[in-house]
Amino acid sequence: MSAVRKRPGAGRGLRRGPRRRYDVLGLLVAAAVGFPVYWMVITAFRPATEILSLPPEFWPAHPTFANFARAMRTETFWSNVRSSAVIGLGTVLVSLLVGTLAAFALSRFRFAGRKAFVVVILTVQMIPLAALVIPVYLLLNEAGLTDSLGGVILVYLVFTLPFTVWMLHGFISAIPVELEEAAMVDGCGRFGAFVRVVLPLLAPGLVATSVFAMVQAWNEYVLVYVLLSTPQKQTLSIWLVSFQTSFGTDYGGLMAGATLTALPVVVFFLAVQRKIAAGLATGAVKG
């Protein structure tokens, strides 16, 4: 019986074909997803005479910053930036503070109604936002919180907290409880073990969750449009509508405004992307 010896590199050659096809497919998908963003950015740099020209060109012949200057000179731009920052950061900070403590309680303690609480968290995430706009407005109106940034933050917490608790519950469950017990044997209390052991290991999960909460609060349109009536208190997502008037749409200003609106979230995402990948992988171990 003769042994059949495989030629070195034969299997490797067979694997290269499918891998290259997957690479090409991935590049095509990335190009299809990224093209609207590319078109938005280059339109922001086009003069008005080039924006609607035919046939369309994929690079501006005479790049200009005039659209950005006009967008930033609008009356409510900086006040809308401040409102977006206050609502976004307020939602993220409160969501992480409350969500971390709730997730720690779910992961480490056994109490009556724990499973029912988890089911409620999942159920809340399935409720469509549009179905809650009118009830939320009536409740806030009764409490005197309409047209206030605090009221908007409170409403956003209703939608971001369930996801935050669910995500962080998976991260904390993946941390061995023996590490906390060892810290307590060495003299730490329960809170000390939480601060010194759990929080540092939870950092990737906190980053990944904060990005989700930030994107939700920064880009949301329907609720903030209904709840905030004063133009100076509205957010950047509402400010973008001001480029559409009865005389037509200012596409150059609109694209420049959209680029400025997306810039803070993109910068934040690029700064923490490595932590996000590590955090999502860790959270997927145990949910």
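The values are calculated or read from the model by the stated rules, or taken from the named source; none is laboratory data. This is a predicted model, so every value here is computed, not measured. A quick note on method: Cβ atoms are made from the backbone with ideal geometry, for glycine too, and the neighbour counts reach across all protein chains shown. The protein model used for the area step is the full one, side chains on, heavy atoms only, and it has no ligands, DNA or RNA in it. Shrake-Rupley method; radii C 1.70, N 1.55, O 1.52, S 1.80 Å.
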Item to check | Tally of residues being among the aliphatic types (A, V, I, L, M) and under 21 Å from T91 (Cα atoms) across region 213-259 | outcome: 12
Next on the checklist: Go through region 174-196 and report how many residues are under 27 Å from the mean Cα position of the chain (by Cα) and surrounded by 14 or more Cβ atoms within 10 Å (Cβ to Cβ).
Outcome noted: 3
Next on the checklist: Can you go through T74, T123 and tell me which one is under 26 Å from S237 (Cβ atoms) and loosely packed, with under 15 Cβ neighbours inside 10 Å?
Outcome noted: T74
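Does V124 satisfy being part of a helix (DSSP H, G or I), at pLDDT below 90 and farther than 27 Å from L89 by Cβ?
Numbers: part of a helix (DSSP H, G or I): yes; at pLDDT below 90: yes; farther than 27 Å from L89 by Cβ: no.
Judged against the criteria, V124 is not a match.
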Checklist entry - So, in region 146-177, of the ones that are in a loop (DSSP other than H, G, I, E, B) and out of contact with any Leu (no Cβ under 7 Å at 6 or more places or on another chain), which residue ends up farthest from L206 (Cα to Cα)? => result S148
Item to check | Hits in region 126-153 (condition: open to solvent by 50 Å² or more (accessible area, probe 1.4 Å) and on the phi > 0 side of the Ramachandran plot) | outcome: G144
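Mind listing whichever residues of region 41-69 are assigned to a helix (DSSP H, G or I) and more than 28 Å from the chain's Cα centre (by Cα)? Step through it out loud before you land on a result.
First, pick out the residues of region 41-69 that are assigned to a helix (DSSP H, G or I): 41-44, 48-51, 66-69.
Once the filter is applied, which keeps residues that are assigned to a helix (DSSP H, G or I) and more than 28 Å from the chain's Cα centre (by Cα), region 41-69 yields A48, T49, E50, I51, A66.
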